[in-house]
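Student: Structure incoming, see below.
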Amino acid sequence: MAGNLTRDEARERARLLKVESYEVALDLTEGEERFDSVTKVRFTSTTPGASTFVDLHGANLRRVTLNGADLDVSAYDADKGRFPLTSLAASNELVVDADCTYMRTGEGLHRFVDPVDQKVYLHSQFETADAHRMYACFDQPDLKATFQLTVLAPADWEVVSNSAADSIEEVAERAARRWEFATTPVISTYITALVAGHYHKVTSEHDGIPLGVYCRSSLAEHLDADNILEVTRQGFDFFHRVFGVRYPFGKYDQLFVPEFNAGAMENAGCVTFLEDYVFRSRVTDAVVERRAETILHEMAHMWFGDLVTMRWWDDLWLNESFATYMSVLAQAESTRWNKAWTTFANVEKSWAYRQDQLPSTHPIAADIPDMQAVEVNFDGITYAKGASVLKQLVAYVGLDNFLAGVRDYFAAHAWGNTELEDLLNALERTSGRDLSSWSKEWLETSWVNTLRPEFEVSGGRFTSFDVLQEAPVEHPTLRSHRIAIGLYSLAGGKLTRTKRVELDVVGARTSVSRLIGEEQPDLVLLNDDDLTYAKIRLDADSLRTLVDGGITAFTESLPRALCWTAAWDMTRDGEMSTRDYVKLVISGVATVSDITVLQTVLRQARLAAQQYADPAWRAEGLSLLATELRTLLDSAEPGSDQQLSFLQAYAAVATSEEELSLLQGVLDGTAVPEGVTVDADLRWTLVQALVSGGRLGEADIEAELERDPTATGERSAAQCRAAIPTAEAKEAAWTRIVSGTLANHIARATIGGFQDPRHPELMGPYRERYFAEVGRIYQEWTFDQASTFAVGCFPALLIEPTTVRSAHDFLSAAQPPQALRRLILEGADGVRRALRNREKDAASA
């Protein structure tokens, strides 16, 4: 791995330096492996005569000058990616002339060749600290500077950066064009950007902001730019209204790029997205909704993160939590997805609850001593828990006061760097509340509390009602929660709320006097309206209401989603057996109208049956799911999102000859349900299910790839090859994975097929081999490559005590870096949880 910048090193460098400007010139016409990079950095030093270092990784240095004097290029530390700078002056000019390496791992400047037409595409990905793979820089967020980029590129390429091009000059003798981009305002290195290649573009304008949408030429026919631009316009109108600060970066381009490692990246004025968001096949509205949330999330970053940036990665949450919260608020209030908070409760908060119960849990405001630590902190706590806590804070101080504090925060810190205290001070001023205790409870502690109702009833009415709050011994904090309690009664086949009370829950027990004397309803729902961040439990009568059909009777989507989440939490925590959860899903999933909730519940039911069920009941559980999904598929409205979701879920659980035959009929066209379009992506879903079921093999995969010779087709074929259920196919997949030569997306796909949950019996030989390789891989590969292997190839399907022991033996013997230790602990914890849940399920038989 590249050099691991520490917080102490960054603080010292920030104390010593003030960076004024970068002028970067790149030549992208030099070949397929490397490119020329010449960087001029102007900076001052508070201590003339002092020493520091500049970051540059994977480079061949030709010349380095500091204040006109040549430096010895042999001083370059290639392993750490650092070049030492000594005898600094008060004012300095550094020039670094180098050639750098194109990446195939999604980090730095990534190069991709489209298999459809052999056209070349580049995109940069610099968060957290990979800008120095493209140009020499002081790669930390609090050394902001202006950025001016000049690029020589092939004449038929589009080139996009943070600002608009000031000039484009033809260089005929090189069959190239030279693009000179306007100088940016002061920004952090990790949000500088370059995207170049044969991109297709659509342009527009809104409120004086030039807009661009880009994708690969071979995907142009599938780019639904109108929808993307509609959400973009709605987002700008909303954020301008609530932030009180206009968008600060001139033009706004959104680029859907190949082999992108994340969902999106908030480069200032040049936002990059996973190109899976260009829908070449039919998707459900849940996926379109997710894309809209991602668009709004990245747009919110233009203020939270780009205009005002955290000083160090301890406060990464100041970027991600706020962008997540504001994107859902914008979605709910300014787009057609007015039930976005239901999706948030079902998806984001479930992610947060899962992450917060791992042994690697950490406070929202985390301790980040070095760059390896932050790389693994782009997680459900930083994004989803942080956003959940902000939602709870808004309930506490009021939305108007919260937004007024945000506006003050922008006004005070525009173009600067901040810490937690800066935000709290702004919110305290506008809300009039002391937030120090709130911060200690919510931002500086770990784990999630559990809330349970406890009540007594006489004559059908409550004679006492308390809310109990629990925390484990290891994380004993009991927090102050603002919650609502809803009482729901069944009448006419509908479960409707008959009473709502809102209160503060403090300590281990909180009495709710306003409910004494109320008639006991069919269901009591704590945290109704999803105001706080806590797991909720259902009392026995309420759970019985759900299991007996009440889950189908809600008239509103949010309480139904909260009950599904509660049932899933109880299953994961071993308070509800897997077979009872699966039966709840079977009884209630037909009436779930919210497509995101539907797909989430179906995915959780499959996971429960495959990994949490007593092995003696596993086959029966999967068969029950398949039978119900077949019934739902037959009765679904033709062409509906529900129909597509049921078919996709059926393919994921089909194992019997009859079930596989149905999929075969859909694939070959002999038994396609009315309304189903068997497009390219659905075909690959069916092919993989049939490969895993032993119906199709290598020749069939190759035939399908000939039918779909695209980048997505190559990725899908790689996943299918690795899913062939033979020892020989698994061995071949393992060899490809550990070679380290696969491009990032092919590696992920291969790992996904290798770890096929339908065939855990084939994973036995790879537990020992995983622990023999993971330390070497983590040391030698880039972070993204190594973490993909560490997480994806962990023997999670071997749900046995031996797996947990092997993990702890490795940690004891190898003493790996803290970031790798965290990933191994998380994998072992997942196996332990599955073992506990299997025991619970067996006991309920």
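Student: I need a count of the residues in region 21-32 that are open to solvent by 40 Å² or more (accessible area, probe 1.4 Å) and under 33 Å from the mean Cα position of the chain (by Cα).
Tutor: Looking only at that region, the number is 3.
Student: For region 431-446, how many residues meet the condition of being touching a residue at least 60 places away in the same chain (Cβ under 8 Å) and open to solvent by 50 Å² or more (accessible area, probe 1.4 Å)?
Tutor: Counting residues in region 431-446 that are touching a residue at least 60 places away in the same chain (Cβ under 8 Å) and open to solvent by 50 Å² or more (accessible area, probe 1.4 Å) gives 1.
Student: I'm told Pro725 meets every condition in (1) assigned to a helix (DSSP H, G or I); (2) over 21 Å from Phe783 (Cα atoms); (3) open to solvent by 10 Å² or more (accessible area, probe 1.4 Å) except one. Can you identify the failing condition by its number?
Tutor: The one condition Pro725 does not meet is (1).
Student: Another question, if that's okay. What about Ala69, is it more than 24 Å from Glu107 (Cβ to Cβ) and either within 31 Å of the chain's Cα centre (by Cα) or of a type in the set (A, V, I, L, M) (or both)?
Tutor: yes
Student: For region 827-845: of the residues being open to solvent by 40 Å² or more (accessible area, probe 1.4 Å) and not hydrophobic (A, V, I, L, M, F, W, C), which is farthest from Asp614 (Cα to Cα)?
Tutor: Across region 827-845, the extreme among qualifying residues is Arg832.
Student: Determine the pairs where a residue that is under 27 Å from Lys80 (Cα atoms) and part of a helix (DSSP H, G or I), located within region 756-781, has a partner that is β-branched (Val, Ile, Thr) and open to solvent by less than 10 Å² (accessible area, probe 1.4 Å) with Cβ atoms under 9 Å apart, the partner being 6 or more residues away or on another chain.
Tutor: Listed by first residue and then by second, the contacts come to Phe771/Ile824; Val774/Ile824.
Student: Every residue in region 281-304 that is part of a loop (DSSP other than H, G, I, E, B) and touching a Ser or Thr at 6+ places or on another chain (Cβ under 7 Å), please.
Tutor: Result: Arg282, Thr284.
Student: Residues Arg560, Arg606: which one is buried (at least 24 other Cβ atoms within 10 Å of the Cβ) and of a type in the set (Lys, Arg)?
Tutor: Answer to the check: Arg560.
Student: Report, by residue number, each residue of region 321-366 that is among the acidic types (Asp, Glu) and farther than 17 Å from Tyr533 by Cα. Step through it out loud before you land on a result.
Tutor: Within region 321-366, the subset among the acidic types (Asp, Glu) is 333, 348, 356.
Selection gives Glu333 alone.
Student: Turning to a different aspect of this structure: Right, Leu451: under 26 Å from the mean Cα position of the chain (by Cα) and either at pLDDT 95 or above or closer than 18 Å to Ser321 by Cβ (or both) or not?
Tutor: no
Student: A follow-up question, please. Out of the residues in region 67-104 meeting the condition of being small (Gly, Ala, Ser) and under 21 Å from Phe126 (Cβ atoms), tell me which one is surrounded by the fewest Cβ atoms within 10 Å (Cβ to Cβ). Explain how you work it out, then say what you get.
Tutor: Going through region 67-104, the residues small (Gly, Ala, Ser) turn out to be 68-69, 74-75, 78, 81, 87, 89-91, 98.
Applying the additional criterion that residues be under 21 Å from Phe126 (Cβ atoms) yields 78, 81, 98.
Values: Ala78: 15, Gly81: 25, Ala98: 23.
Within region 67-104, the match that is surrounded by the fewest Cβ atoms within 10 Å (Cβ to Cβ) is Ala78.
Student: Run down Phe754, Phe783, Phe771 and say which single residue is open to solvent by 10 Å² or more (accessible area, probe 1.4 Å), over 27 Å from Asp569 (Cβ atoms), at pLDDT 95 or above and not small (Gly, Ala, Ser). Don't jump to the end; show me each part of the working.
Tutor: Working: Phe754 fails: open to solvent by 10 Å² or more (accessible area, probe 1.4 Å); Phe783 fails: at pLDDT 95 or above.
Going through Phe754, Phe783, Phe771 in turn, the sole match is Phe771.
Student: Of all residues in region 612-631, count the ones that are in a helix (DSSP H, G or I) and buried (at least 21 other Cβ atoms within 10 Å of the Cβ).
Tutor: Total meeting the criteria: 7.
Student: Only residues that are part of a strand (DSSP E or B), in contact with a helix residue (DSSP H, G or I) (Cβ under 7 Å, 6 or more places away or on another chain) and of a type in the set (A, V, I, L, M, F, W, C): list them for region 243-272, please.
Tutor: Hits for region 243-272 are Phe256, Val257, Ala264, Val271.
Student: Still on this structure, please answer the following. Go through region 486-518 and report how many residues are in contact with a Gly (Cβ under 6 Å, 6 or more places away or on another chain) and open to solvent by 20 Å² or more (accessible area, probe 1.4 Å). Before the answer, list the steps.
Tutor: First pass over region 486-518, keeping only residues in contact with a Gly (Cβ under 6 Å, 6 or more places away or on another chain): 495, 497, 500.
Now restrict to residues that are open to solvent by 20 Å² or more (accessible area, probe 1.4 Å): 497, 500.
Residues that pass the stated criteria total 2.
Student: Within region 466-485, which residues are charged (D, E, K, R), buried (at least 16 other Cβ atoms within 10 Å of the Cβ) and at pLDDT 95 or above?
Tutor: Asp466, Arg479
Student: Counting only residues that are in contact (Cβ under 8 Å) with a residue 40 or more places away in the chain, open to solvent by 10 Å² or more (accessible area, probe 1.4 Å) and within 14 Å of the chain's Cα centre (by Cα), which one in region 326-353 is nearest to Asp285 (Cα to Cα)?
Tutor: Val347
Student: Quick check on region 377-409: of everything there that is among the aromatic types (Phe, Trp, Tyr) and assigned to a helix (DSSP H, G or I), which residue is surrounded by the fewest Cβ atoms within 10 Å (Cβ to Cβ)?
Tutor: Ranking the candidates gives Tyr396 first.
Student: How about region 663-682: which of its residues are part of a helix (DSSP H, G or I) and surrounded by 13 or more Cβ atoms within 10 Å (Cβ to Cβ)?
Tutor: So in region 663-682, the residues part of a helix (DSSP H, G or I) come out as 663-668, 680-682.
Selection gives Leu663, Gln664, Gly665, Val666, Leu667, Ala680, Asp681, Leu682.
The values are calculated or read from the model by the stated rules, or taken from the named source; none is laboratory data. Since the model is a prediction, treat every value here as computed from it, not as a measurement. Don't worry about glycine lacking a Cβ; one is built from the backbone with ideal geometry, like all the others, and counts go over all protein chains shown. The protein model used for the area step is the full one, side chains on, heavy atoms only, and it has no ligands, DNA or RNA in it. Shrake-Rupley method; radii C 1.70, N 1.55, O 1.52, S 1.80 Å.
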